[in-house]
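Everything below concerns the one structure shown next.
Every read-out reported here was derived from the displayed coordinates using simple, explicitly stated rules and does not represent laboratory data. What you are looking at is a predicted structure, and each value in this text was computed from that prediction instead of being measured. FYI the Cβ positions are ideal-geometry reconstructions off the backbone, even for glycines, and counts take in every protein chain you see.
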Amino acid sequence: MALEQRPVGKLDHALIFLGPPGSGKGTQAKVLAAKYGAPHLSTGDMLREHVAKRTPLGLKAKPIMERGELVPDSLVLRMVAERIERPDCSNGFVFDGFPRTVAQAQYLGEMLKYHGFAHPYVIHLIISNMLLIRRLTGRRTCVIGGEIYNIFDRPPKVEGICDNDGGELIQRPDDREEVIRARLLAYEKQTSPLVNYYRRLGFLAQIDASKSVPEVEQEIAQAVASLRGAR
Ligand code: AP5
């Protein structure tokens with residue numbers, strides 16, 4: 001393992017990436033999870049896997065995701081509760097796209113207490129809607145390793161092919177402009193109240209997500225260090 005990939009220590013916390021679609025939650029959550037050797041728990045990825053495998057959950061979630069709406073809390077919470085039971089979560093984990101409603105956040109608080117974790121750290125990614133649409137319409141994802149590219153700002157070396165593993169790069173079905181608008185609306189109405197919810201509880205850091213990927217990564221690293229120092 002290369003030196004820079006070696007985990008820097010245990011996270012021992014739940015870390016939440018909160019931000020609108022396309023703000024860079026997945027891009028940054030992967031980096032941070034690797035840095036701490038913690039699992040990256042993307043509820044979007046988990047749901048897409050259920051859809052691909054045509055499980056009962058996937059069959060319920062598919063039309064909802066295609067419309068850009070949120071999957072009902074009861075379904076998402078059961079899926080997350082099962083995931084954090086697994087042994088790889090015992091030293092903390094990084095959530096990407098969860099929680100997304102106040103009810104999910106309240107339930108997460110109970111789950112964390114039950115598993116002996118303290119309050120979560122929350123990284124709030126802030127960015128304008130104009131930039132989000134460019135990022136989402138330009139996003140391409142590797143079908144093998146899930147690496148995220150952008151045809152405008154972060155293209156692969158060879159068009160349509162992942163630099164890491166040669167996998168095909170595909171566009172997500174919900175990255176069409178009309179679905180993106182529905183997703184942004186769902187964020188505004190159902191998820192953005194979580195900013196105040198977590199601000200009141202403390203341990204929330206605001207990050208300017210319009211900067212470049214390395215700059216955002218650097219700001220997040222500093223924010224996590226100061227959140228850890230404040231515990
Ligand atoms: P989900 O998969 O979570 O999608 P999302 O929240 O809409 O977020 P995205 O994955 O689109 O964006 P991101 O913030 O991760 O950005 P990324 O890093 O990829 O959810 C999909 C659906 O599943 C939901 O609509 C809902 O139906 C359902 N769902 C999921 N969780 C749920 C829950 N908890 N409850 C209910 N329903 C749920 O970056 C985007 C692009 O920008 C990429 O191309 C990237 O390369 C580029 N980029 C990133 N950072 C930068 C930068 N700093 N500069 C330039 N380009 C950048």
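Quick notes on this structure:
- Spin-label pair ARG176/VAL213, simplified geometry with 7 Å Cα→Cβ offset, distance in nm: 2.7
- Shape category assigned to region 159-231 from the gyration tensor of Cα positions, a/c cut at 1.5: oblate
- Across the chain, the relative contact order, built from alpha-carbon pairs under 8 Å that are at least six residues apart, equals 27 percent.
- Cysteines without a disulfide-compatible partner [the chain; Cβ-Cβ under 4.7 Å]: CYS89
- Residue-by-residue Karplus 3J(HN,Hα) for region 100-107, coefficients 6.51, -1.76, 1.60, Hz, glycine and proline x: 10, 9, 4, 4, 5, 5, 5, 5
- DSSP bridge analysis restricted to the chain gives an antiparallel fraction near 30%, rounded to the nearest 5.
- Taking amide H atoms as placed 1.01 Å from N in the peptide plane, the amide H of ARG140 lies under 5 Å from those of TYR149, ASN150, ILE151, each 5 or more residues away in sequence or on another chain.
- Taken over the alpha carbons of region 88-230 as equal point scatterers, the Debye sum produces base-10 log I(q)/I(0) values at 0.19, 0.22 Å⁻¹ of -1.31, -1.39.
- The amide H of ILE161, built 1.01 Å from its N in the peptide plane, has LEU169 as neighbours under 5 Å, considering only residues 5 or more places off or on other chains.
- Within a Gaussian network of the chain (alpha carbon springs, distance under 10 Å), most fluctuating of ARG83, ARG200, ARG100: ARG200
- Once the GluC sites (Glu not before Pro) in DSSP loops with at most 14 neighbouring Cβ atoms within 10 Å are cut out of the chain, the longest remaining piece is 1-84.
- Couplings for region 82-90, taken from phi via the Karplus curve 6.51 cos²θ - 1.76 cosθ + 1.60 with θ = phi - 60°, read 5, 5, 7, 6, 6, x, 5, 8, 5 Hz in order; Gly and Pro are left as x.
- Annotation: amide H of LEU41 within the under-5 Å range of VAL94, PHE95, ASP96, sequence separation 5 or more or interchain, hydrogens built in the peptide plane.
- Per-residue ellipticity at 222 nm, computed for the chain from helices alone with -39500 (n - 2.57) per DSSP H run of at least four residues, works out to -14000 deg cm²/dmol.
- Considering all different alpha carbon pairs of region 1-112, the Kirkwood hydrodynamic radius works out to 14.8 Å.
- Couplings for region 162-177, taken from phi via the Karplus curve 6.51 cos²θ - 1.76 cosθ + 1.60 with θ = phi - 60°, read 6, 4, 6, 10, x, x, 6, 9, 10, 9, 5, x, 8, 9, 7, 4 Hz in order; Gly and Pro are left as x.
- Under 21 Å from LYS113, Cα to Cα: lysines that are on another chain or at least 8 residues apart: LYS10
- Stretch gain in nm, segment GLN222-ALA118, where the contour uses 0.36 nm per residue and the Cα spacing is subtracted: 35.4 nm
- Spatial separation of Cα centroids for region 114-138 and region 163-231, in angstrom: 2
- Charge context of GLN28, other residues only, Cβ under 9 angstrom, K/R +1, D/E -1: 0
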